[in-house]
1. Do me a favour and compute the ellipsoid semi-axes for the stretch 12-182 from its Cα gyration tensor, root of five times each eigenvalue, largest one first, whole Å.
2. Taking 56 Å as R0, compute the FRET efficiency from the Cβ-Cβ separation of His177 and Glu588 and round it to 0.05.
3. Pairs of alpha-carbon atoms within less than 8 angstrom and 6+ residues apart define the contacts here; what relative contact order does the stretch 12-182 have, in percent?
4. If you rank Arg170, Arg178, Arg291 by fewest surrounding Cβ atoms within 10 Å, what's the result?
5. Using the Cα centre of the stretch 98-201 as the reference point, and only Cβ charges (+1 on K/R, -1 on D/E), how large is the resulting charge dipole? Debye, rounded to the nearest 20.
6. Mind computing the radius of gyration and Dmax over the alpha-carbon atoms of the stretch 166-324? Å is fine for both.
7. Suppose each label sits 7 Å from its Cα in the direction of the beta carbon; what would the Glu133-Phe306 distance come out to in nanometres?
8. Identify the residues of the stretch 385-415 with backbone N under 18 Å of a label point that sits 7 angstrom from the Cα of Asp377 along the Cα-to-Cβ direction, or state none.
Amino acid sequence: MENRWYITQQTFPELLNRNAVKFGMRRAQWWKTGPESTASITYAELWRIVREMASGLMELGIQKGDRVAVMAHTSPEWVWADYSILCAAGITVCVYPTLSAKELSFIVNDSGSRILYVQDEEILERALAAMNEMPGLEKIIIMKDEYSHADKRVMSLSDLRSLGVRLLSRDKLSYEHRWRSVDLLDPMTIVYTSGTTGRQKGAVHTHFSINAACCRDMRLVPDYRESDVMLAFLPLAHTYERECGHGSAMHSAVTVAYSSPMTLVADLQIFRPTLFMSVPRIYERIYMAMRDMASQSPVKKKIFDFAIRTGLALTEARADKDGFIDMSEGIDFTAGLSRWLVFKYRLVDKLVFSKVREKLGGRFRFAFSAAGSLPADLCKVFMAMGVRIYEGYGATETCNTVNLNRPNQVLPGYVGPVCNGVEGRLAPDGEWQVRGDNIITHYWNNPEATKESFTEDGFYKTGDIVVMGPDGYIKIVDRKKGIMVLDTGKNIPAAKIESLFSVTHYIDIVVPIADDKPFVSALVVPKYDVFIQLFDKEGIAYDKSALHFFGEGASRMCVAVGEDFIANETLKKLVDEDIQAANRELEEYERIRKYVIVPRRFTEFHGEMTPTLKVKRNVVFKNFEQEISSIYKK
């Protein structure tokens, strides 16, 4: 293990200044300017941009401790906005770009934000429509160099930077004095929880708590190297990408490249990343894309299936008596195994697995998985391919990781033991409770929620039910509120049912229903794109005008279909086969007895998905109330 010089304690303005001074020539940010063209800036250039923007905010009257909101997709500009606020000694308020005008108004008003950064015209129009509901909002800055608007409260990024240059020409040291005034214990950001139930809560993190979180993560994972490229595609408005990804990258002064879930496949080839943060749904999609590609011919399918069986056999053979598998970098996967298994593995590695690693860019080192449980079998499949995924667990309030699998001791299906520097314990009801420097001290303007979320001795109540495994590794059973109770009193974890559909052939998402019901039912979203291919191949007619798509190229996906599509007998038969296969893995009372196939995906736009691709069950139930009611009619 190399000397981890980058594990240090300081404010984030200090950290950016250090990188500009010490690593000014290193590439900081890298992004696409066209389908295959890119641009980048160094840490010195990033510092200059932030300096001018922060000075612009100061010229607009932003004082230490003032709140400024950012409503944008993950992009270089998001980081410019964030650090401009921090270096002006302000507090960054995160707003998911998919939120409605009503939700934006609540966050801006609750936080007392004086200025709002928006990414583009579409978000700008949403914000302007709510201006009358946000009396304290003084200015909107659209993150474009050239933009003029009749509303005097709107200004462009270049206008903001010009203001900053004007201030710096009058007072050269004003910016220096301001960013150096930031204390480690000062509030750094307010991140509003996704609000799956009730009022959204603003989790307040300080420079101290987020720095503690970064140091915690960097102590546990392989060394960061100067040549590393971290690919960012999850929302920066969430603490996961912002701390585990960008925070660690800033500490280690490595490159961050920018992508999105919709362009990820192509971008892996352009940026050839060495590491990234992801969520289980993305890994599921990568695996299913590989499997579907292999299924296009009988020969390829046989080779792929043989490769997976061989890889899993090797993974099982490498596991110790408790199921732990060493996934350290540089380890020989075949050491000490039978010659026949080694021969088969080397063959399938050449035919299949090496090509998968090449699809990931050919330089992949490791990735993280969080914001939901990664199915154990899926974890093993990636292990077999030589793809290292370290699964962890945390929350917005804990600034992410409180549990993490160790590189030399990965236990599929578990999220790891408690992290160094964090305390964890099981409450009598099975809830996981944690305490540490990385955890918030309070919610903004919400002392009642703060009191409810902590025990008297300072442990944060995660709201997740867990079970303890070997060596202190924990497994997430479900959210407390995810435990469904039939009218017979039987308890059923929704996550147990949902996980059985993570890599099925014909079903995308299943949302089980059981609370106060006589039996388990479900709403089912089929894989529309798979059925479109099947219908076209088999010559099955359907209303193509009713199809709605999102994205472009390889990332294009169908998000809605017509009623005739889901009523097709072939679709219903294949969906039912997936349902019955899952039922065979469940207890009698847990099985799905009835279900409704729905004609559209659950989306962030409809409020049904969080930005980290978890289903908001209560919103789905509300939006599909009639369909659920029809299931239980006598």
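1. Numbers: eigenvalues 126, 78, 42 Å².
For the stretch 12-182, the ellipsoid semi-axes come out as 25, 20, 15 Å.
2. Values: r = 70 Å, r/R0 = 1.25.
It comes to 0.20.
3. Rounded, it is 24 percent for the stretch 12-182.
4. Details: Arg170 9, Arg178 21, Arg291 16.
Going from sparsest to densest Cβ surroundings: Arg170, Arg291, Arg178.
5. Details: 15 positive and 16 negative charges, 70 e Å.
The calculation lands at about 340 debye.
6. When restricted to Cα atoms, the stretch 166-324 yields Rg and Dmax of 21.9, 73 Å.
7. Each label point is offset 7 Å from its Cα along the Cβ direction, giving 6.0 nm.
8. Answer for the stretch 385-415: 385, 412-414.
Just so you know, all these numbers are worked out from the coordinates, no wet-lab data involved. These figures come from a predicted structure and were not determined experimentally. All Cβ positions, even for glycine, are placed from backbone atoms using ideal geometry, and neighbour counts span all protein chains on display.
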